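Written out below as structure tokens is the structure these notes cover.
The values are calculated or read from the model by the stated rules, or taken from the named source; none is laboratory data. Bear in mind that the values here come from a model prediction, so they are computed numbers and not experimental data. Heads up: the accessible areas ignore ligands, DNA and RNA and are worked out on the full protein's heavy atoms, side chains in. Shrake-Rupley method; radii C 1.70, N 1.55, O 1.52, S 1.80 Å.
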Amino acid sequence: MSDLGHGTNQDMTRRPPGGSNIAPSDVGPVKHVWVKQEDGSRLPGLLWQWRKGEAGWEGLVVCPDPTRGGQAIMQGWLPAGRLGPV
């Protein structure tokens, strides 16, 4: 994941366009999601909130770090297209 950061108060009443079936209104306060990896695999994650980024909607997600055997977690803003419902 990239763009590590802290959550901010964002408008969570609108659905991110395209790519994700998870609406910001579905998040309250946390929602389980699948995080799609570049190799096609998925990681379980927790979606905390949405924000409108420069390239479109992004979700603040926490998930296991596969590079550390799942024994650590990562947090970051990911494009909505990489998030899917559980």
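How much accessible area does Trp48 have with a 1.4 Å probe, in Å² rounded to the nearest 10?
Accessible area of Trp48: about 110 Å².
Using θ = phi - 60° and the Karplus form 6.51 cos²θ - 1.76 cosθ + 1.60, what ³J(HN,Hα) does each residue of segment 39-49 get, whole Hz, x for Gly and Pro?
Values per residue, Gly and Pro as x: 7, x, 6, 10, 10, x, x, 10, 8, 9, 6 Hz.
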